[in-house]
Amino acid sequence: MKEKTIAEIGKKYDLELERIISEIKKEKAKLVLLQFPDGLKPWATSVVDFLETRTSARFLIWFGSCYGACDIPIGLEKLKPKIDLIVQFGHNEILPSY
């Protein structure tokens with residue numbers, strides 16, 4: 001499968017990547033967990049590549065299910081090193097503005 005690019009993602013979804021970069025820098029996050037719904041998982045590595053070039057953080061991709069903001073994986077507090085920030089993505093298409 002051809003890897004999806006950030007430009008391709010941006011045509012269909014607004015993932016607010018600049019906002020995420022800003023939050024990572026504000027929180028001084030060193031390890032960030034990214035959760036994607038199934039529809040966005042094909043783009044996960046492209047998102048990580050993009051974020052890695054703009055921050056000094058390291059990233060983990062959660063490949064388990066993610067059904068919304070309340071669906072945080074159990075047991076993350078036991079991981080070493082500690083996860084500093086969790087970012088959950090949704091996959092609603094951009095709606096036209098009226």
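The values are calculated or read from the model by the stated rules, or taken from the named source; none is laboratory data. These figures come from a predicted structure and were not determined experimentally. Heads up, the Cβs are rebuilt from the backbone with ideal geometry, glycines too, and the neighbour counts pull from every protein chain shown.
Details
- Among the numbered conditions (1) of a type in the set (A, V, I, L, M, F, W, C); (2) out of contact with any helix residue (DSSP H, G or I) (no Cβ under 9 Å at 6 or more places or on another chain); (3) modelled with pLDDT of 80 or more, the only one that L95 does not meet is (3).
- Applying the condition of being surrounded by 13 or more Cβ atoms within 10 Å (Cβ to Cβ), at pLDDT 90 or above and more than 21 Å from L79 (Cα to Cα) to region 23-43 and asking which residue is farthest from the chain's Cα centre (by Cα) yields K25.
- Residue under evaluation E16, criteria (1) within 13 Å of I86 (Cα to Cα); (2) out of contact with any strand residue (DSSP E or B) (no Cβ under 6 Å at 6 or more places or on another chain), criterion not met: (1)
- Residue that is modelled with the lowest pLDDT [pool: residues in region 56-68 that are over 19 Å from D14 (Cβ atoms) and of a type outside the set (G, A, S)]: Y67
- For region 6-22, a residue qualifies if it is of a type in the set (G, A, S) and at pLDDT 95 or above, and exactly one does: S22.
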